[in-house]
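Chemist: One structure, pasted below without further comment.
The values are calculated or read from the model by the stated rules, or taken from the named source; none is laboratory data. Just so it is clear, the model here is predicted, and its values are computed rather than measured. Virtual Cβ from ideal backbone geometry, glycine too; neighbours counted across all protein chains shown. Side chains included, ligands, DNA and RNA excluded: accessible areas come from the protein's heavy atoms. Shrake-Rupley method; radii C 1.70, N 1.55, O 1.52, S 1.80 Å.
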Amino acid sequence: IEQLIGKGAKRISMDAVPIDEAAPYACADADMTLRLAEMLEPQLKEKGLGPLFYDMEMPLVKILAAMERVGTRIDRPYLEALGRDLRSRADHIELEVYEHAGERFNINSPKQLSTILFEKLKLPVIRKTKTGFSTDEEVLVKLSEQHPLPKSLIDYRELQKLNSTYVDGLLAAARGPEDRIHTSFNQTVAATGRLSSSNPNLQNIPIRTELGRKIRQAFIPKTGWTLLSADYSQIDLRMLAHISEDETLCNAFKKGEDIHTTTACEIFGITAKEMTPELRRVAKSINFGIVYGISAFGLAQQLKIPIEEADAHIKRYFERYPGVKAWIEQTLKDARRDGYVRTLLGRVRYLPEIQSLNGSMRGFAERTAMNTPIQGTSADVIKLAMIKLSQAHAAGQWKGNMLVQVHDELLFEIPPADLVHSQSKIKDLMETAIPLRIPVVVDLKAGANWSQMQPVGKS
């Protein structure tokens, strides 16, 4: 296919390929697909995967194709100005690095940087690699406590990455009079069943840093329209409550409680009035850590606390949420027996490593066994929602375009006259995509760009 249409920014439309060149490729493609279908279709039925394939994945193909065709608009003048600003800031920080080092050197050379840090400045070696001393971000963060150069270097690298990966990458990928990005959505890449995005990847646009949010600010709707974000609130934790049937967890969601506050109260034996931001942060790490099969060691590293304390937190969590503990134990037992786990809608994840004699491989498989039914079902839920949204759109029940799916979030562009009605319909369809024993909540935000969005329907 690359010989026919090129790749990356140099790709051309298939329409531009002469028919006598396109025909052999297209025929071979169709022939191979038919041969595979004849071999694989019986296996779908044998493994009980027919409904998942025919009722979810195949209807989704046309929806994703439509999203790819529409694309997502970027503000080219804004992004070009941001690129100039990032380059200017990077140049300034580069001079700072040389000043801290006392000399000029190739700032992008790990070998030369290593010489400056560990031989000239005599900073401690944190980690060795096969080729020398590590200068990755984790090492630089630790070294920045002792010298200003590593911190300046971290800032420089962030600016360089944002500029090359996002600013230059997005500008090169933008097409047409509206400067739209036409990403590819992939159904068969992520093992959990989640969608992924490529050429370019719109699912990893940074959001946690101020500079990252400036990149998001470049994504804008059609002229005069509004961007709408619909985000499933804590869907993985809600899925854990539904699947585990833990009474305390389910009741917390039914009452509309803040689940991290509830967990902190349960674990630390305090009231909501006694809650502190630090205790809530710990509870939040435990809540999400449990979903991802976190160990005491992993939690200790994350919270920077002793392993014994982390272990005690996890034990108290399971004492307060016994239904979760029972579900995890049963899931691991079934996975060891069957060699796979399933999501609520039947998606299969095979785990041959769960019987491995290698403790590291076995531990990874066990964490995957715990996480897949949760995260995989969450992925299935948003896919079902996208199908229902597409059907409702075709029936004229809401107006606008579905643009991007980023894990638990869908991004839309909506014409102003239809915003109030459409956002209400979208929220309702997403929240009722699949019946659960606890409420599903979708948070809406709207705005002129993907970064500066305000909550909808909240004071």
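Chemist: Going toward the positive end of the dipole of segment 98-189, with +1 on Lys and Arg Cβ and -1 on Asp and Glu Cβ, which of I126, A173, L143 do you reach last?
Modeler: Going by the charge dipole, the pick is I126.
Chemist: How high is the FRET efficiency from F297 to I5, r the C-beta distance, R0 60 Å, rounded to 0.05?
Modeler: Efficiency at R0 = 60 Å is approximately 0.80.
Chemist: Considering only protein heavy atoms, with the full assembly of protein chains and a 1.4 angstrom probe, order V420, V440 by accessible area, largest first.
Modeler: V420, V440
Chemist: Can I ask one more? Students often forget the sequence filter, so: which lysines lie under 28 Å Cα-Cα from K427 once same-chain residues fewer than 8 apart are removed?
Modeler: Straight-distance partners of K427: K62, K214, K222, K254, K255, K284, K383, K388, K399, K445, K458.
Chemist: Next question, about the same structure. Within the chain, what's the longest stretch lacking GluC sites (Glu not before Pro) that sit in DSSP loops with no more than 12 other Cβ atoms inside 10 Å?
Modeler: 146-459
Chemist: Which order, highest average first, do 356-362, 379-385, 423-429 follow once you tally other Cβ atoms within 10 Å for each residue and take the mean per peptide?
Modeler: 379-385, 423-429, 356-362
Chemist: Here is a follow-up. Could you list the square roots of 5 times each eigenvalue of the Cα gyration tensor of segment 312-459, that is, the equivalent ellipsoid semi-axes, sorted largest first and rounded to whole Å?
Modeler: That gives 38, 18, 14 Å for the three semi-axes.
Chemist: Shifting gears a bit: Which value, in Å², gives the accessible area per residue of segment 302-459 when a 1.4 Å probe is used on the protein heavy atoms?
Modeler: That works out to 48 Å² for each residue.
Chemist: Assuming 0.36 nm per residue, please report the length gained on full extension of the stretch Y54 to K315 beyond their Cα-Cα distance.
Modeler: 89.7 nm
Chemist: Next up: Might you tell me the accessible area per residue for segment 115-240, computed with a 1.4 Å probe and given in Å²?
Modeler: About 47 Å² of surface per residue is accessible.
Chemist: OK, next. Please list 3J(HN,Hα) in residue order for segment 145-150, calculated via the Karplus relation 6.51 cos²θ - 1.76 cosθ + 1.60 where θ = phi - 60°; whole Hz, with x for glycine and proline.
Modeler: 6, 10, 7, x, 4, x
Chemist: Please compute the length gained on full extension between K130 and I154, using 0.36 nm multiplied by the number of residues separating them and subtracting their Cα-Cα distance.
Modeler: Extra length available between K130 and I154 comes to 6.4 nm.
Chemist: Moving on to the next point. Answer rounded, prolate or oblate for the chain, using the Cα gyration tensor with square roots of eigenvalues a ≥ b ≥ c: rounded when a/c is under 1.5, else prolate when a/b is larger than b/c, else oblate.
Modeler: Judged from the Cα gyration tensor, the chain comes out rounded (a/c under 1.5).
Chemist: Below 15 angstrom from the Cβ of R69, what's the summed charge of the other residues (Lys, Arg +1; Asp, Glu -1)?
Modeler: Local charge sum for R69: +2.
Chemist: Give me the net charge for the shell around K254: Cβ to Cβ below 11 angstrom, other residues only, Lys and Arg +1, Asp and Glu -1.
Modeler: In short, +1.
Chemist: Follow-up. On a C-alpha basis, how far is the centre of segment 125-173 from the centre of segment 1-54 in Å? Whole number, if you could?
Modeler: Taking the Cα centre of segment 1-54 as reference, the centre of segment 125-173 is 40 Å away.
Chemist: Just grab the label-to-label distance for E145 and E21, each label 7 Å out from Cα along the Cβ direction, in nm (one decimal).
Modeler: 5.9
Chemist: Here is a further query. Could you size up the charge dipole of the chain around its Cα centre, putting +1 on the beta carbon of Lys and Arg and -1 on that of Asp and Glu, and report it in debye to the nearest 20?
Modeler: In debye, rounded to 20, the chain gives about 380.
Chemist: Gap in Å between the Cα centre of segment 334-410 and the Cα centre of segment 198-245?
Modeler: Using only Cα atoms, the two centres lie 18 Å from each other.
Chemist: Also: Rounded, prolate or oblate: which one fits segment 78-198, using the alpha carbon gyration tensor with axes a ≥ b ≥ c (rounded when a/c is under 1.5, else prolate when a/b beats b/c, else oblate)?
Modeler: In terms of gyration-tensor shape, oblate.
Chemist: Over segment 1-72, give the accessible area per residue in Å² for a 1.4 Å probe, as an integer.
Modeler: 72
Chemist: With point charges of +1 on the Cβ of Lys and Arg and -1 on the Cβ of Asp and Glu, referenced to the Cα centre of the chain, which listed residue (L351, G323, N371) lies farthest in the positive direction of the dipole?
Modeler: G323
Chemist: Taking a spot 7 Å from the Cα of T209 along the direction of its beta carbon, which residues of segment 146-181 have an amide N less than 18 Å from it?
Modeler: Of the residues in segment 146-181, 148-170 have backbone N under 18 Å from the label point off T209.
Chemist: Using a 1.4 Å probe on the protein chains only, how many percent of the accessible area of segment 186-268 belongs to carbon and sulfur?
Modeler: Here it works out to 43 percent.
Chemist: Using θ = phi - 60° and the Karplus form 6.51 cos²θ - 1.76 cosθ + 1.60, what ³J(HN,Hα) does each residue of segment 425-433 get, whole Hz, x for Gly and Pro?
Modeler: Per-residue couplings from phi come out as 5, 4, 4, 5, 5, 5, 6, 10, 4 Hz.
Chemist: Return the FRET efficiency for the residue pair R336, S88: r is the Cβ-Cβ distance, R0 is 51 Å, and the value is rounded to the nearest 0.05.
Modeler: After rounding to 0.05, the efficiency reads 0.35.
Chemist: Grab the DSSP H runs of the chain that are 4 residues or longer, score each as -39,500 (n - 2.57), total them, divide by all residues and round the 222 nm result to the nearest 500 deg cm²/dmol.
Modeler: -16500 deg cm²/dmol
Chemist: Also, quick follow-up: Counting only protein heavy atoms and using a 1.4 Å probe, what share of the accessible area of segment 288-446 belongs to carbon plus sulfur, as a whole percent?
Modeler: The computed percentage sits at 55.
Chemist: Still on this structure: Tell me, what HN-Hα J-couplings in whole Hz come from the Karplus equation 6.51 cos²θ - 1.76 cosθ + 1.60 at θ = phi - 60° for each residue of segment 336-351, using x for Gly and Pro?
Modeler: Once rounded to whole Hz, the list reads 5, 6, 8, x, 7, 10, 10, 7, 4, 9, x, 5, 9, 10, 7, 9.
Chemist: Specify which residue in the list N287, P24, T183 is farthest towards the positive end of the charge dipole of the chain, using unit charges on the beta carbon of Lys, Arg (+1) and Asp, Glu (-1), about the Cα centre.
Modeler: N287
Chemist: Taking R0 as 30 Å, what FRET efficiency do you get between K222 and N201 from their Cβ-Cβ distance, rounded to the nearest 0.05?
Modeler: That pair, K222 with N201, gives E of 0.85.
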